[in-house]
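Q: Structure provided below as structure tokens; questions to follow.
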4 protein chains.
Amino acid sequence: MSGPDTPRGTGPATATEPEGPAMIEEHRVTDWWSTAVSRIRPGEILLRGYPVEQLIGRITFAEQIWLMLRGELPSPVQGRLLEAALVAAVDHGPQAPSIAAARMAATCGVGLNSAVATGAGLLGDVHGGAGQQCMEVLERVIGGEDATAVVAGFRDRRAYVPGFGHRFHPRDPRRDPLLALVREAVAEGGVQGRALAAGLALEAALAEGRTRPVPMNIDGATAIIYAELGFPAELGRGLFVLSRSVGILAHAWEEQEGGARIKGPLPRPLLAGYRGTPARDLDE
Amino acid sequence: MSGPDTPRGTGPATATEPEGPAMIEEHRVTDWWSTAVSRIRPGEILLRGYPVEQLIGRITFAEQIWLMLRGELPSPVQGRLLEAALVAAVDHGPQAPSIAAARMAATCGVGLNSAVATGAGLLGDVHGGAGQQCMEVLERVIGGEDATAVVAGFRDRRAYVPGFGHRFHPRDPRRDPLLALVREAVAEGGVQGRALAAGLALEAALAEGRTRPVPMNIDGATAIIYAELGFPAELGRGLFVLSRSVGILAHAWEEQEGGARIKGPLPRPLLAGYRGTPARDLDE
Amino acid sequence: MSGPDTPRGTGPATATEPEGPAMIEEHRVTDWWSTAVSRIRPGEILLRGYPVEQLIGRITFAEQIWLMLRGELPSPVQGRLLEAALVAAVDHGPQAPSIAAARMAATCGVGLNSAVATGAGLLGDVHGGAGQQCMEVLERVIGGEDATAVVAGFRDRRAYVPGFGHRFHPRDPRRDPLLALVREAVAEGGVQGRALAAGLALEAALAEGRTRPVPMNIDGATAIIYAELGFPAELGRGLFVLSRSVGILAHAWEEQEGGARIKGPLPRPLLAGYRGTPARDLDE
Amino acid sequence: MSGPDTPRGTGPATATEPEGPAMIEEHRVTDWWSTAVSRIRPGEILLRGYPVEQLIGRITFAEQIWLMLRGELPSPVQGRLLEAALVAAVDHGPQAPSIAAARMAATCGVGLNSAVATGAGLLGDVHGGAGQQCMEVLERVIGGEDATAVVAGFRDRRAYVPGFGHRFHPRDPRRDPLLALVREAVAEGGVQGRALAAGLALEAALAEGRTRPVPMNIDGATAIIYAELGFPAELGRGLFVLSRSVGILAHAWEEQEGGARIKGPLPRPLLAGYRGTPARDLDE
């Protein structure tokens, strides 16, 4: 019944095929790679249970992102918030190392996929992790910790509160429109507003006794949205990576189209400075 | 006027600041990294000229992708086709090396951004380039070459026509719904239909004299859409990378949540086979 | 004197050029990228102060690695230990995710450099960080902490002591020859032996009260060497990456030469198992 | 005999175990990942047939690289040439995009392994492929093509001959010492000298009728060595990646030790220039 050209391994867990020794091995192997994300069989692509042909033309790309990560489709309010957060974080220009590295990659004779991989690879704990870290702080405040005490804890360690302040923007232009959308969603009953309240409490605690406030930045505002939407903190970074990949691709493509070759960080004739051992002789 | 803390370099090309020697250097340096994608200044983020705060809540993520890559917003028909193509290509399961590698990465103690970078890095000419290559073939047919002759050329070289046939699906379930959307868009006058005609001509030429046809696959169907939408072929791969990154992230996250550590391709106790030099002694 | 085609920026820190406003800018920019590793000027490549032409043919590759990372050349004893540690860790077969991912990459239409990047990218905290973590533990014992207490601390947290035990090898064949070389080096007065003593104390503490000991593995043995040689813990991982890149390249090349295309983790007709939502209809 | 905890799959190809259906499956799976590079079994690590414990302390790191890539140990002359080529190419300073990208990565909160992966990823066809391409040209001349005709072919296509000329060095300081070593090796009978002759013929052909010659660069000189040593052209790039990874690591570590965070290409307050659509309003 199951010949050599028949793909095997995606059957339901309740399969009642006779289990000889061969089958034991096969299950061990196909189970090793089993997944709840998709079922791919000849002529069939199920994504979280839905045939892909039903999804095409019916849902937006952001709704697809939600479905793939969460297993169910979002409500309209949820979908709208997710679209907004993804739209907001796509780019921060060539000063950002992720963007600069991707632009340089595009001049080195690699595919655009490698340029995107280069940029995504740089969105590490420091460059891409603030949203995830902010979600963890929001969870603490939602869980009952006092915002002022949390802020004091960071100050005692001389650490930044992730999601607040910006080395660049005195006021992040993305904060207000994102928070306005969260407020709307709360008013419609689409989300609960607990992460919003936690974020605003942290912002107020940070402003206390300061002449120059430390307003929420893009990481803080999107962290509020992702937390309101029920994403775990680690997916906060994951979603940021999807969003920023758009800017990375746009910049890599612009650079590739421009035709530069082996673009370094400095225009010629400038050279990197040298602060090392003066020239010396191996025989001395 | 322009003090040490004032960012410089994003001024309009028509700036009339006095150009002393210092300014010459500065322009040389900031021009080296200049871009038409975005302008980032304190308190300002322009994306293709639009303030980001105007875009948030107003456009979808797919429309943002279009804006960033093309410089203008899509029409509703264009936006719809782009959403559909991005939705269609998100995943092809753990058999795909890009997905498997990202899942393994997620068990090695790296951030989710590195897992996405790993997967995107594998979408090279062979694994991720068929759409781009198909767009190049479509352009030849649109440009006047005969589809039958083009197909014959590939057959003479014993090469696959990119975008047609599948080593896995006898009929790709994504083909029909994607082509139906293109037909609708043509009927509405939103796109011209020349890439669709070229793709169908190639498909027909491939079926000639065959009992088992070689139907268009996902790469072919999305290549038609991206070509109808006026994207250059290289961005065909770029868009595929954005789409597939969603599946890569969903799989990496599933694996990370599962808690496996240092997951290899084979379940224990299976070991990779050995077909090398038999054991030998360095002193013999 | 300094015309438009003359590279600038690598002059000695004691340069006495007149500093007009242009120069301020230039120094700010070239200093941003300044380094003590190398000075590259037209016709000149200084590596840690030595002209590269003097190094070629005079030092081994491992000695070059030492020079580049440490700034001075190693003594013969130091060089020998470094060679041995680098030789020992090159490969652990296709069961290792770093190797498997690189082999898959090599079938996807990317350059061998991308295959190496894929493998190196997977040597994260869990897959590539044990040596670095072991060095940190060794430093604690060298600094005076009691090995038994340190081991007890790990046991209390139900954590593995990094560098000891192996999920695969009952006794790591690389342990004894590496430790023998360290003992020789101590006898020759080339290294002090404090990390060796710390490692052996940890191993003894781990064996106490156990019928099956938990012997030192490759990460432990190389951690001892790198610590004896005075490398900071983070470079323990860095050196492991250089060593394992050799195996990654050998495997990627074998796979590329074999001509496979889009190699997934499972041979056909096996398919990844599915444990997700059963097939469902979007309209229901 | 073969219980559930016994690793399986690395047995000799001549195994005579009874082959029931289970074994068929198992062989199919373990063969899928089979390799001639190494055999890893509990307590055993064979590299190209040699037990790793015999190699430790007996061979240099460069000899290990040869063994892993070629399957046999090099002769002393071969080993010496390989050491020299690997020593020569480790670094070209922060102007190189691979180095700059790795330095930026090291400030983004990723492990040193990711920084190395970032740099290696940029050594694509343009930034890392000249040696490989030069080896292909050398092979044509070794195979009988006339060097002058080959050079003319490149000139007709207005293309550079890979391995010759440098946008930076009027004369590459690495050329002479590398060629001197090849000449010595030829004199000793260790290599044949055909690639050397081919390279010199190309250099002479390039100089004909020019006031300013186009001397061989590092890619050309190492290509000659790798070709003399019998490496296939693709491994020319692979070996370059191993060599340059040393500089990438040294620079990434210097940057990480310096403590910079999210280092972009431009020092503040400089900003990337903007040459895009002037600010506009979404509602106009």
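The values are calculated or read from the model by the stated rules, or taken from the named source; none is laboratory data. Quick caveat, the model's predicted, so the values are computed rather than measured. Here the Cβ is made from the backbone with ideal geometry for all residues, glycine too, and neighbour counts use every protein chain on show. The accessibility values were calculated without ligands, DNA or RNA, using every heavy atom of the protein model including side chains. Shrake-Rupley method; radii C 1.70, N 1.55, O 1.52, S 1.80 Å.
Q: Scan segment C:132-149 for residues that are open to solvent by less than 40 Å² (accessible area, probe 1.4 Å) and in contact with a Lys or Arg (Cβ under 6 Å, 6 or more places away or on another chain) and jot them down.
A: C:Q132
Q: Now for a separate question. Restricting attention to segment A:261-282, which residues are among the aliphatic types (A, V, I, L, M) and either assigned to a loop (DSSP other than H, G, I, E, B) or modelled with pLDDT of 95 or more (or both)?
A: A:I262, A:L266, A:L271, A:A272, A:A279, A:L282
Q: Answer yes or no: is there a residue in segment B:240-259 that is in contact (Cβ under 8 Å) with a residue 12 or more places away in the chain, open to solvent by 20 Å² or more (accessible area, probe 1.4 Å), part of a loop (DSSP other than H, G, I, E, B) and farther than 23 Å from A:A62 by Cβ.
A: The answer is no; no qualifying residue exists.
Q: Considering only segment A:245-254, I want to know if a residue exists there that is touching a helix residue (DSSP H, G or I) at 6+ places or on another chain (Cβ under 8 Å), more than 7 Å from every other protein chain (Cβ to nearest Cβ) and closer than 25 Å to D:V110 by Cβ.
A: Within segment A:245-254, one or more residues are touching a helix residue (DSSP H, G or I) at 6+ places or on another chain (Cβ under 8 Å), more than 7 Å from every other protein chain (Cβ to nearest Cβ) and closer than 25 Å to D:V110 by Cβ.
Q: For a quick check of your reading: which helices (runs of 4 or more DSSP H) sit entirely within segment B:54-147 and have at least 1 residues that are under 27 Å from C:G276 (Cβ atoms), more than 10 Å from chain C (Cβ to nearest Cβ) and over 18 Å from the mean Cα position of the chain (by Cα)?
A: B:112-121
Q: Also: Is segment B:154-162 home to any residue that is modelled with pLDDT under 95, among the aromatic types (F, W, Y) and assigned by TED's automatic domain parsing to the domain that holds B:E234?
A: The answer is yes, given that some residue of segment B:154-162 is modelled with pLDDT under 95, among the aromatic types (F, W, Y) and assigned by TED's automatic domain parsing to the domain that holds B:E234.
Q: Which members of segment C:138-168 meet the condition of being touching a residue at least 12 places away in the same chain (Cβ under 8 Å) and among the hydroxyl-bearing types (S, T, Y)?
A: Matches in segment C:138-168: C:T148 only.
Quick grid of which residues meet (1) of a type in the set (K, R); (2) open to solvent by less than 70 Å² (accessible area, probe 1.4 Å); (3) in contact with a Phe, Trp or Tyr (Cβ under 8 Å, 6 or more places away or on another chain); (4) assigned to a helix (DSSP H, G or I):
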| position | (1), (2), (3), (4) |
| --- | --- |
| B:V151 | no, yes, no, yes |
| B:R155 | yes, no, no, yes |
| B:Y160 | no, no, yes, no |
| B:P170 | no, no, no, no |
| B:P173 | no, yes, no, no |
| B:R183 | yes, no, no, yes |
| B:L196 | no, yes, no, yes |
| B:L200 | no, yes, no, yes |
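Q: Any residue that is of a type in the set (D, E) and either touching a strand residue (DSSP E or B) at 6+ places or on another chain (Cβ under 7 Å) or at positive phi (or both) - is there at least one of those in segment B:253-265?
A: Within segment B:253-265, one or more residues are of a type in the set (D, E) and either touching a strand residue (DSSP E or B) at 6+ places or on another chain (Cβ under 7 Å) or at positive phi (or both).
Q: I need the full set of residues from segment B:119-130 which are in contact (Cβ under 8 Å) with a residue 60 or more places away in the chain and open to solvent by 10 Å² or more (accessible area, probe 1.4 Å), in order please.
A: Within segment B:119-130, just B:A130 meets the criteria.
Q: Being open to solvent by 10 Å² or more (accessible area, probe 1.4 Å) and more than 23 Å from the chain's Cα centre (by Cα) is the filter here, so list the residues in segment A:36-53 that pass it.
A: Of everything in segment A:36-53, those that are open to solvent by 10 Å² or more (accessible area, probe 1.4 Å) and more than 23 Å from the chain's Cα centre (by Cα) turn out to be A:R39, A:R41, A:P42, A:G43, A:E44, A:Y50, A:P51, A:E53.
Q: Condition check: part of a loop (DSSP other than H, G, I, E, B) and outside the structural domain of D:M68 (by TED's automatic domain parsing). Does D:G190 satisfy that?
A: Yes: the conditions hold for D:G190.
Q: Can you tell me which condition C:A62 does not meet? The list is (1) open to solvent by less than 30 Å² (accessible area, probe 1.4 Å); (2) more than 24 Å from C:A233 (Cα to Cα), and all the others hold.
A: Only one criterion in (1) open to solvent by less than 30 Å² (accessible area, probe 1.4 Å); (2) more than 24 Å from C:A233 (Cα to Cα) is unmet by C:A62, namely (2).
Q: Report yes if D:P215 is at pLDDT 95 or above and within 13 Å of another protein chain (Cβ to nearest Cβ), otherwise no.
A: Here the answer is no, as D:P215 does not meet what is asked.
Q: Please find, among B:R194, B:R244, the residue that is under 23 Å from the mean Cα position of the chain (by Cα) and within 25 Å of B:L122 (Cβ to Cβ).
A: Being under 23 Å from the mean Cα position of the chain (by Cα) and within 25 Å of B:L122 (Cβ to Cβ) holds for just one of B:R194, B:R244, which is B:R244.
Q: Out of B:R171, B:R194, I need the residue that is touching a residue at least 40 places away in the same chain (Cβ under 8 Å), more than 14 Å from chain C (Cβ to nearest Cβ) and touching a Gly at 6+ places or on another chain (Cβ under 7 Å). Which one?
A: B:R171
Q: Quick one: D:A279 ticks every box in (1) farther than 28 Å from D:A106 by Cβ; (2) open to solvent by 50 Å² or more (accessible area, probe 1.4 Å); (3) away from chain B (no Cβ under 14 Å) except a single one, so which number is it?
A: With respect to (1) farther than 28 Å from D:A106 by Cβ; (2) open to solvent by 50 Å² or more (accessible area, probe 1.4 Å); (3) away from chain B (no Cβ under 14 Å), D:A279 is out only on (3).
Q: Among the residues of segment C:220-235, is any over 23 Å from D:V246 (Cβ atoms), of a type outside the set (F, W, Y) and in contact with a helix residue (DSSP H, G or I) (Cβ under 6 Å, 6 or more places away or on another chain)?
A: Scanning segment C:220-235, I find at least one residue that is over 23 Å from D:V246 (Cβ atoms), of a type outside the set (F, W, Y) and in contact with a helix residue (DSSP H, G or I) (Cβ under 6 Å, 6 or more places away or on another chain), so the answer is yes.
Q: Going through segment C:211-225 one residue at a time, which ones are in a helix (DSSP H, G or I) and open to solvent by less than 10 Å² (accessible area, probe 1.4 Å)?
A: C:G220, C:A221, C:A223, C:I224, C:I225
Q: Conditions: (1) closer than 30 Å to D:F154 by Cβ; (2) under 14 Å from the mean Cα position of the chain (by Cα); (3) part of a helix (DSSP H, G or I). D:F231 meets all but one. Number of the miss?
A: So D:F231 meets the others, but not (3).
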